[in-house]
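See structure below.
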Amino acid sequence: QVQLVESGGGLVQPGGSLRLGCVASGTIFYINGMGWYRQAPGKQRELVAFISSGGSRSYADSVLGRFTISRDNAKNTVYLQMNSLKPEDTAVYYCNADMYSSPDSRRGYWGQGTQVTVSS
């Protein structure tokens, strides 16, 4: 079975930085797009950043200019570099991947989430 595992979350002061990572493991034939989502208490999950298989990137307006998404295809890993963090960035961050486990078996997968807390 395919598994996604996030890492890198933690407590950081406003203005600080964190780098999240998410590695996919298991039976993987091909990974299309990968993205980072977040969910704050009492709010809906929202897309933070997305990167396509071709390297095209998109960001939520709230993080544009502060966050950078990247991927390492050789390691089946997606990263989220978060700079100039604000208290409103506090949330559980989840990675998502659109993957093929075989040439004709495509579906989306979610990681378990990693907590990011921005507070002084």
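The values are calculated or read from the model by the stated rules, or taken from the named source; none is laboratory data. If you're wondering where the values come from, they're calculated on a predicted model, not measured in any experiment. Methodologically, a virtual Cβ is constructed for each residue, glycine included, from the backbone with ideal geometry; neighbour enumeration extends over all protein chains shown. Calculation scope for accessible area: heavy atoms of the full protein, side chains included, ligands and nucleic acids excluded. Shrake-Rupley method; radii C 1.70, N 1.55, O 1.52, S 1.80 Å.
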**Asked** What ranking of L11, L80, L64, L18 comes out by heavy-atom accessible area, probe 1.4 Å, highest first?
**Response** L11, L64, L18, L80
**Per residue accessible area of the chain, 1.4 Å probe, in Å²** = 53 Å²
**Request:** Roll a 1.4 angstrom probe over the protein heavy atoms and tell me the percent of accessible area of the chain that is carbon or sulfur.
**Result:** 47 percent
**Request:** Could I have the simple spin-label model distance between R57 and A40, label points 7 Å from Cα toward Cβ, reported in nm to one decimal?
**Result:** 2.3 nm
**Prompt:** Per-residue accessible area for I28 at 1.4 Å probe radius, Å² rounded to 10?
**Reply:** 50 Å²
**Asked** Antiparallel as a % of all DSSP beta bridges within the chain, to the nearest 5?
**Response** 95 percent
**Request:** At 1.4 Å probe size, with no ligands or nucleic acids counted, give the accessible surface of D104 in Å², nearest ten.
**Result:** 130 Å²
**Prompt:** Taking the convex hull of the alpha carbon atoms in region 1-83, what volume per residue do you get, in Å³?
**Reply:** 112 Å³
**Message:** Using Cα-Cα distances under 8 Å and only pairs 6 or more residues apart, what relative contact order does the chain have, in percent?
**Reply:** 37 percent
**Asked** How large is ³J(HN,Hα), in whole Hz, for each residue of region 66-77 in order, when computed from phi with the Karplus curve 6.51 cos²θ - 1.76 cosθ + 1.60 and θ = phi - 60°, using x for Gly and Pro?
**Response** 10, 10, 9, 9, 8, 9, 10, 5, 5, 9, 6, 10
